[in-house]
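Written out below as structure tokens is the structure these notes cover.
The values are calculated or read from the model by the stated rules, or taken from the named source; none is laboratory data. Small disclaimer: the values here were computed from a predicted structure and weren't measured. Glycine also receives a Cβ, built like all others from the backbone with ideal geometry; neighbour counts cover every protein chain displayed.
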Amino acid sequence: MITRGPADWDPGALPDLSGRMYLVTGANAGLGYFASEKLAAAGAHVILSGRHPNRLAAAHDALEARVPGASVETLLLDVSNPGSIRAAAASVRGGLFSRSRLDGVLLNAGIVHTPRTRELTRDGRELVFATNALGHFVLAAELLTTLAKSAARREHSRLVWLGSVSTHLGIGEPTDFQLERRYEAWHAYVQSKLVVHALGIEADARLRAADVPVDSVVAHPGYSIGGRTEMVTGVNEPSRWKRLRDGVQPWAQSKKRGADALVRALTDPDVRGGEYWGPKFWTQGRTVRQRPSRWAADRDVRTRVWEECERLTGTEWPFARAARAAR
């Protein structure tokens, strides 16, 4: 099931990322925050994005306090809202941030605790699917040319999609994408992550075919929970009960440790496009390369998933334009 990666990767000693810029979605809490903190500590400029201004401000302040000299900015971005996505992407493309380049995007934001009943976004899409998969499909398309331009200077840029260990739990091929026939909270989450996994691998195949020097990688954090994570004011403040409940789960790890897989997938030059990375023991452990889930490895399934996302979002990735931008 698992293919080992290079054993000398040290998540506590990242390569120097000075001069690089990364966008992290859902950066105001959890995995997104701790990934951002690790990137900033290695010298990268980080755009923290999220949909709540006050929570973003709290994360920004916490990161600056914990990483003296950190170079960070915030960006309002609601990945369930196509208008918000396009406005945020336009801000990045328009050079409104400290640097006019973009070396990578961590597509992290999403819904883990899914609603009990089916909910729709403003544009009529099932909420979990739209947030976890469709929004990032649109965001990646909007930023692809910018990533390709940056790749021309540094050999590659990278998209990292947030997978989940749940995609190996035997749920069938994604077909009822919007769960119109039947909605179950757990199924909504797992199917959305199957779609994300398929999109991440299919994106890389299409990028290679179009000669676009942007890698697409999928990474999962194992079973990373807040009660095992250090307290960060305004970012992670678990109650005593949550600490107790999460503390008796020996197969779990902290969200700070779970972020290691995401950061490695985003920054390690030994990682290749189309790969899948996560904790060695699936729910916890050092980051290694792993085999993708059954459906994500199926080319026909990936094609159907991609075409359905194109149809539902009205978005086609600008592969030809990105290839020209990278020359």
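Scanning segment 269-312 for residues that are in contact with a Phe, Trp or Tyr (Cβ under 6 Å, 6 or more places away or on another chain) and over 16 Å from HIS197 (Cβ atoms) gives THR283, THR287.
Quick check: is even one residue across segment 270-284 at pLDDT below 95 and closer than 17 Å to ASP204 by Cβ? Yes, there is a match, as at least one residue in segment 270-284 is at pLDDT below 95 and closer than 17 Å to ASP204 by Cβ. Checked across segment 252-271, the condition of being crowded, with 22+ Cβ neighbours inside 10 Å and acidic (Asp, Glu) holds for at least one residue.
If only residues of segment 124-155 that are outside any helix (DSSP H, G or I) and either surrounded by fewer than 19 Cβ atoms within 10 Å (Cβ to Cβ) or among the aromatic types (Phe, Trp, Tyr) (or both) are counted, the one that is modelled with the highest pLDDT is GLY124.
When THR175 is tested against (1) under 23 Å from TRP295 (Cα atoms); (2) within 21 Å of the chain's Cα centre (by Cα); (3) free of Cβ contacts under 8 Å to residues at least 12 places away in the same chain, just one condition goes unmet, and that condition is (2). Listed by position, the strands (runs of 3 or more DSSP E) contained in segment 21-100 that have at least 2 residues being not aliphatic (A, V, I, L, M) are 45-50, 71-76. Look at (1) modelled with pLDDT of 95 or more; (2) not in a strand (DSSP E or B) and you find that ILE171 fails only one, number (1).
Applying the condition of being touching a Leu at 6+ places or on another chain (Cβ under 9 Å) and under 12 Å from ARG206 (Cβ atoms) to segment 310-322 and asking which residue is surrounded by the fewest Cβ atoms within 10 Å (Cβ to Cβ) yields PRO318. For segment 101-119, the set of residues classified as among the basic types (Lys, Arg) and closer than 18 Å to ALA185 by Cβ consists of ARG116, ARG118, listed by residue number. Sub-7 Å Cβ pairs linking a first residue in segment 1-26 that is at pLDDT 90 or above to a second residue that is buried (at least 22 other Cβ atoms within 10 Å of the Cβ) and charged (D, E, K, R), at least 6 apart or interchain, are LEU14/LYS38; ARG20/ASP103; MET21/ASP103; TYR22/ASP103, ordered by first then second residue.
Where helices (runs of 4 or more DSSP H) fall wholly inside segment 211-319, the ranges with 1 or more residues that are within 27 Å of THR146 (Cα to Cα) and either acidic (Asp, Glu) or free of Cβ contacts under 8 Å to residues at least 24 places away in the same chain (or both) are 255-267, 299-313. Among the residues of segment 284-307, the ones that are surrounded by fewer than 19 Cβ atoms within 10 Å (Cβ to Cβ) and of a type outside the set (Lys, Arg) come to 6 in all. Can you name the residue in segment 174-207 that is part of a helix (DSSP H, G or I) and aromatic (Phe, Trp, Tyr) and is also nearest to PRO221 (Cα to Cα) among such residues? Here the residue is TYR189. Taking SER239 as the residue in question, decide whether it is of a type in the set (Gly, Ala, Ser), over 20 Å from GLN290 (Cα atoms) and modelled with pLDDT of 90 or more. So SER239 fits the description; yes.
From the list LEU76, LEU63, LEU102, which one is within 28 Å of GLU237 (Cα to Cα), surrounded by 15 or more Cβ atoms within 10 Å (Cβ to Cβ) and touching a helix residue (DSSP H, G or I) at 6+ places or on another chain (Cβ under 8 Å)?
Checking each option against the conditions leaves just LEU63.
Could you grab the pairs with beta carbons closer than 7 Å, sequence gap of 6+ or different chains, first residue in segment 102-127 and over 18 Å from CYS309 (Cα atoms) and β-branched (Val, Ile, Thr), second one assigned to a loop (DSSP other than H, G, I, E, B) and at pLDDT 95 or above? The qualifying pairs are THR117/TYR183.
Could we say that VAL195 is at pLDDT 95 or above and either among the β-branched types (Val, Ile, Thr) or on the phi > 0 side of the Ramachandran plot (or both) here? Answer is yes for this residue.
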